[in-house]
Amino acid sequence: MKSESLHISQVPFVDLKAQFASIEDQVMPAITGTLQKCDFVMGQNVEKFEEEFAAYCNTKYGIGCDSGTSALELVLRAYDIGVGDEVITVANTFIATTLAIEFTGATPVLVDIDPQTYMIDISKIEAVITSRTKAIMPVHLYGHPTDMDPIMDIANEHGLIVIEDASQAHGALYKGQRVGSIGHAAALSLYPGKNLGAYGDAGIIVTDDEAISDKLKLLRNYGSTKKYHHEMLGYNRRLDTLQASILRVKLEHLDEWSAARRRNAERYNQLLADTDLILPIEAEHSEPVYHLYVVRTDRRDELQAHLQERGIATVIHYPIPLHLQKAHQSLGYKQGDFPLTEEYAEQILSLPMYPELSDEQAAYVAEAIYEFMPAKVIA
Ligand SMILES: *Cc1c(COP(=O)(O)O)cnc(C)c1O
């Protein structure tokens, strides 16, 4: 193992430069094309990308916008969710999920995580449903699909909307269905570091609901579909044509990149099988796309420092659970409210993960981990 990785001294957490180099000859003409056409706002590539991405997700409509956070907020607003309403989501996610709920005036109601999936503990959802509950927002975290069937059953029984936050799971499959096509609607971030990422901020909503799609088109564009005719108080939250033209090129590569992420996860699973680390588990129903490869250990901080010394970049997703964030103080949660989320926040570590990660780099990461925690001895 040592000899093959001798020349590696650094592994970044993600490598967007390597990805750009691999598609430069396709991306540059797309950018130049938009610059020559100068159709920067609501140009043809926006509609084309929306159609192509919706088709990719197996949904009827795609509505591009300026970020994942916008996508989440706009779709909540499209369902008339606002002041006085409650939206159920999970304590372990990126804060954009709960910020978007708060921006509408609604209240995020948090649920602890499942010990296996690190996602919403579905058995705890019904206990927090009240007469104010309007929606459930499951998050397909780290690229793993949430178990959607029981969530849809609960939602149907209580008349709730389900909005998937699929920002980390573009293209992941749940029982053969694309995430984003299972709930009433889904919001996805297209931030540069996401599995499908623009070269700046971007986001998209997908849905089969024509009325919601029509409303979203108004909400993102000054409440207008015809210039200077305004039907409602809408925002300026559009997807740039330049980004759409780049995203169309990148969408062509998404499946091959997802396959590479899955292969890299498989490689880590094999290499790290003899460590004491708790490795990610794939649910039977799922084909995850490994936005992140998250391991767990009681000696997380020491391991992270050790890997840092070896030039290996790691990140914690996420170090402070949402209910303990200062920004969410007004929700009134306290330490101890979501014990598993709190416990895992001290143990989780995301290893370098991106499609271009080589076998040698993965081997170098594994080697550094074995330096820190010698292989389990089997007597
Ligand atoms: C990235 C992300 C978002 C927010 O997306 P932006 O494009 O950064 O606004 C929302 N939810 C989750 C789960 C994310 O990972």
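Every number in this text was worked out from the coordinates using simple rules, so none of it is lab data. Computed from a predicted structure; not experimentally measured. Note that we place each Cβ from the backbone using ideal geometry, even for glycine, and neighbour counts take in every protein chain shown.
Compared with the dominant Cα axis of the chain, that is its longest principal axis, helix 210-219 is turned about 90°. As a length-normalised measure over Cα pairs under 8 Å and 6 or more apart, the relative contact order of the chain settles at 23 percent. Within the listed set Ile120, Ile23, Ile369, the Gaussian network model of the chain (springs between alpha-carbon atoms below 10 Å) gives the highest mean-square fluctuation for Ile23.
For Gln243, neighbours were defined as the other residues whose beta-carbon sits under 15 Å from its Cβ, and their charges (Lys and Arg +1, Asp and Glu -1) total +1.
Take every Cα pair under 8 Å whose residues are at least 6 apart in sequence, average their separation, divide by the length of the range 226-379, and the relative contact order is 32 percent. For the chain, the longest principal axis of the C-alpha atoms and the axis of helix 359-372 are separated by about 60°.
GNM, the chain, Cα, under 10 Å: largest mean-square fluctuation among Ala198, Ala313, Ala71? Largest GNM mean-square fluctuation: Ala313. With neighbours defined as other Cβ atoms within 10 Å of a residue's Cβ, the residues Leu76, Leu196 order from fewest to most as Leu196, Leu76. Each Cα pair under 8 Å and six or more residues apart adds its separation to the average, and for the range 140-232 the resulting relative contact order is 19 percent. Return the long-range amide H neighbours of Ile8 (sequence gap of 5 or more, or a different chain), with a cut-off of under 5 Å between placed amide H atoms. Here nothing satisfies the definition. Helix 148-158 and the longest principal axis of the Cα set of the chain meet at an angle near 40°. Sorted ascending by nearby beta carbons within 10 Å, beginning with the fewest, Ser123, Ser167 become Ser123, Ser167. Checking every one of the GluC sites (Glu not before Pro) in the range 198-261 against DSSP loop status and a limit of 15 other Cβ atoms within 10 Å picks out Glu231, Glu252. Between Tyr174, Tyr290, Tyr235, the residue with the greatest mean-square fluctuation in the GNM of the chain (Cα pairs under 10 Å linked by springs) is Tyr235.
Count the net charge of all other residues whose Cβ sits under 11 Å from the Cβ of His158, scoring Lys and Arg as +1 and Asp and Glu as -1.
Values: positive: Lys134; negative: Glu126, Asp153, Glu157.
Net local charge, His158 excluded: -2.
Once R0 is set to 45 Å, what does the formula 1/(1 + (r/R0)^6) return for the Cβ-Cβ distance between Ala375 and Leu233, expressed as a FRET efficiency to the nearest 0.05? Could you put the intermediate results ahead of the total?
Details: r = 61 Å, r/R0 = 1.36.
Efficiency, from the Cβ-Cβ distance: 0.15.
In the chain, inverting the average of 1/r over every pair of distinct C-alpha atoms gives 21.6 Å as the Kirkwood radius. In a DSSP loop and with at most 15 other Cβ atoms within 10 Å, the GluC sites (Glu not before Pro) in the range 318-361 are Glu346. With the helix formula -39500 (n - 2.57) applied to DSSP H stretches of n ≥ 4, the chain reaches a computed 222 nm mean residue ellipticity of -11000 deg cm²/dmol. Our summary of shape: the Cα atoms of the range 166-273 have principal axis extents of 60, 29, 20 Å, ordered from largest down, in whole angstrom. Ranked by how many other Cβ atoms sit within 10 Å of their own Cβ, fewest first, the residues Cys57, Cys38, Cys65 fall in the order Cys38, Cys57, Cys65.
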